[in-house]
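**Student:** Just passing along the structure, written as structure tokens.
The values are calculated or read from the model by the stated rules, or taken from the named source; none is laboratory data. This structure is a prediction, so every number in the text was calculated from the model and none was measured. Cβ placement follows ideal geometry from the backbone for every residue including glycine, while neighbour counts extend to all protein chains displayed. Just so you know, the surface numbers come from the protein's heavy atoms only, side chains and all, with ligands and any DNA or RNA stripped out. Shrake-Rupley method; radii C 1.70, N 1.55, O 1.52, S 1.80 Å.
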Amino acid sequence: MSGLANLYNVPSTDEERAQWSFAHMAHHRDINAQIYNLIKVALPEYILDPVNPNDVGQWEYQHQIMHDTQNQILGITGQDLTGIDWKDPRLLAGWIFLNSNEHYQAAAILGIG
């Protein structure tokens with residue numbers, strides 16, 4: 001199981017972003033695996049690691065699909081997580097909170113970390 005706490009870290013360097021990206025993708029995989037274990041529904045999985053902060057268009061779209069599908073199954077009211085700005089620390093911190101909150105809700109429902 002991946003570490004949910006890592007998703008709350010706001011990366012400020014390339015190394016921190018790489019660590020966040022790895023933990024984030026791992027947590028999406030944990031969510032998808034647990035949903036499959038419980039209800040035998042295979043959710044779409046896209047490659048979200050690594051993140052290229054200079055080209056996030058496809059990443060944002062695929063990431064949103066992953067959240068929308070998990071949220072629908074789990075009954076989570078999700079946010080629009082597109083429009084991420086990796087270069088503005090304040091905007092990034094807000095996005096990290098919204099994203100992590102959805103991961104937290106999913107983890108609580110599924111009983112994973």
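**Student:** I want to confirm something. Restricting to segment 78-113 and keeping residues that are assigned to a helix (DSSP H, G or I) and of a type in the set (Phe, Trp, Tyr), which single residue is least open to solvent (accessible area, probe 1.4 Å)?
**Tutor:** 95
**Student:** Against the condition assigned to a helix (DSSP H, G or I), more than 13 Å from the chain's Cα centre (by Cα) and at pLDDT 95 or above, how does residue 16 come out, does it pass?
**Tutor:** The answer is yes for residue 16.
**Student:** Now, a different point. Among the listed residues 57, 75, identify the single one that is closer than 16 Å to residue 95 by Cα and loosely packed, with under 12 Cβ neighbours inside 10 Å.
**Tutor:** 57
**Student:** Take residue 29 and decide whether it is open to solvent by less than 70 Å² (accessible area, probe 1.4 Å), part of a helix (DSSP H, G or I) and among the charged types (D, E, K, R).
**Tutor:** Against the criterion (open to solvent by less than 70 Å² (accessible area, probe 1.4 Å), part of a helix (DSSP H, G or I) and among the charged types (D, E, K, R)), residue 29 does not qualify.
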